[in-house]
Amino acid sequence: MTRSRMLGLLAEASLLGVAAVDAGLNAAPAWDETAYAALAVLALLVRRRWPVPVFLATLPALAVSGSVIATLIALYTVATRSSNRWLLAGCGVLAATGYLFPGQDFDLFSIDVVLGVIYATMTAAAPIFLGQFVRTHRELTLRLADIEQAREHERRLDAQAVLAKERNQLAREMHDVVSHQVSLIAVQAGALQVSTIDPTARTVAENIRRLSVDTLDELRHMVNLLRAAGTPATELTPQPTLSDLERLVNGSGIETRLVGDAPEGMDAPVQRTIYRTIQEALTNVRKHAPGGVATVEFTRDDTDLTVTVTNTPPTRPTLTLPSARHGLVGLRERAALLGGTVHAAPTSNGGFELQLRLPIADR
């Protein structure tokens, strides 16, 4: 048995003992007063389950013999269990009336009657106010506990949202940056394997290509895990801009033509979206159209900026590289954050086209 349970039982026994002593001292030898006093004390055992009936059961002992303790305990229990003002007022009036009843001479002009009414009112009001105070304290404690639980839940949700956002950002950057470089290693190793006549170099190139492909598999598995809890994310810094576009094209390892001028004065998010779209398109050309020629075209009208990357069919054997199509998913997410769209489809001549369209009317 816990200590709090033992203290509760001790307090209960003390209250019943005080009520029994009060009833014993006030009850006359008459059998009816003794019966009423015993009923009042025994009824207190179930006062928490039936507070109002128990209170009514204590009134005869109060009215006949003046045993007030049992009535006050029952009235306090009623006040802790109910907030109905009419019920509490009615119980208070009954308790005060019962307190006045034994042996009173109801001479309205007597000072004793006036003092008796005052004492009876104070005696009945005390347990009611105390019970309401305890009830309010309990309700406030429970409400504060609920508020704290709600705040803790909100803190957990905020932490999960931040973690999901960071995971999504990390997954996007891993795909856009790391897989870009590893894919280039795999393609160049494959080209070296096909073109060299040195058996040792061919073996080394094959190992490099195989390790690169395995690395891409592991990378895409990690991206899948990170994206499982991801949400549309903002960009990480530092990020490339259109000033880095020439370096991207020169380091792509494929023949690329630029048609039109790259837009100037665009916001940083727009520049990063254009850069990542071109980067993903060139990566796909290296993987799926080796030997093909890519064309990056910028067009602009009054409302939209369009970036189109097309490529010719492959002229060399295509290497089988793993792909989970997370690149296109990430590009569509980036474009959607800016109110734009991404369209990708094969061309009629066997090539492929990736088109980014962004609204610029209000930029």
Open item on the list: Any residue in region 334-363 that is assigned to a loop (DSSP other than H, G, I, E, B) and charged (D, E, K, R) sitting within a Cβ distance under 9 Å of a residue that is modelled with pLDDT under 90 and surrounded by 14 or more Cβ atoms within 10 Å (Cβ to Cβ)? List the pairs, counting only those 6 or more apart or interchain.
Closed with: Arg363/Met266; Arg363/Val270
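Could you list, in sequence order, all residues of region 266-279 that are among the charged types (D, E, K, R) and surrounded by fewer than 24 Cβ atoms within 10 Å (Cβ to Cβ)?
So in region 266-279, the residues among the charged types (D, E, K, R) come out as 267, 272, 276.
Residues satisfying the conditions are Asp267, Arg272.
Every residue, every condition in (1) closer than 26 Å to Lys165 by Cβ; (2) aromatic (Phe, Trp, Tyr); (3) at pLDDT below 85, yes or no:
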residue: Ser252; (1), (2), (3): no, no, yes
residue: Gly265; (1), (2), (3): no, no, yes
residue: Thr277; (1), (2), (3): yes, no, no
residue: Arg334; (1), (2), (3): yes, no, yes
- [ ] Just need a number here: residues in region 22-74 that are among the charged types (D, E, K, R) and either at pLDDT below 75 or over 20 Å from Gly90 (Cα atoms) (or both).
- [x] 3
Task: Residue check for Ala201: modelled with pLDDT of 80 or more, buried (at least 17 other Cβ atoms within 10 Å of the Cβ) and farther than 30 Å from Gln160 by Cβ - done: no
Open item on the list: For a quick check of your reading of the model, give me the residue pairs whose first member lies in region 78-95 and is part of a helix (DSSP H, G or I) and hydroxyl-bearing (Ser, Thr, Tyr), whose second is surrounded by 16 or more Cβ atoms within 10 Å (Cβ to Cβ) and modelled with pLDDT under 90, with beta-carbon atoms closer than 6 Å and at least 6 apart or on different chains.
Closed with: Thr80/Gly131
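Within the bounds of region 4-26, is there any residue that is small (Gly, Ala, Ser), assigned to a helix (DSSP H, G or I) and in contact with a Lys or Arg (Cβ under 8 Å, 6 or more places away or on another chain)? Can you show your working first?
So the first thing to find is which residues in region 4-26 are small (Gly, Ala, Ser), and the list is 4, 8, 11, 13-14, 17, 19-20, 23-24.
Retained after the next criterion (residues that are assigned to a helix (DSSP H, G or I)): 4, 8, 11, 13-14, 17, 19-20, 23-24.
Now restrict to residues that are in contact with a Lys or Arg (Cβ under 8 Å, 6 or more places away or on another chain): none.
For region 4-26, residues small (Gly, Ala, Ser), assigned to a helix (DSSP H, G or I) and in contact with a Lys or Arg (Cβ under 8 Å, 6 or more places away or on another chain): absent.
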Task: Flag if Val78 is touching a Cys at 6+ places or on another chain (Cβ under 7 Å) and at pLDDT 80 or above - done: yes
Task: Flag for Ala294 being part of a helix (DSSP H, G or I), of a type in the set (A, V, I, L, M) and surrounded by 17 or more Cβ atoms within 10 Å (Cβ to Cβ) - done: no
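The values are calculated or read from the model by the stated rules, or taken from the named source; none is laboratory data. Please read all numbers here as calculations on a predicted model, not as lab measurements. Please note: Cβ atoms are built from the backbone with ideal geometry, for glycine as well, and neighbour counts cover all protein chains shown.
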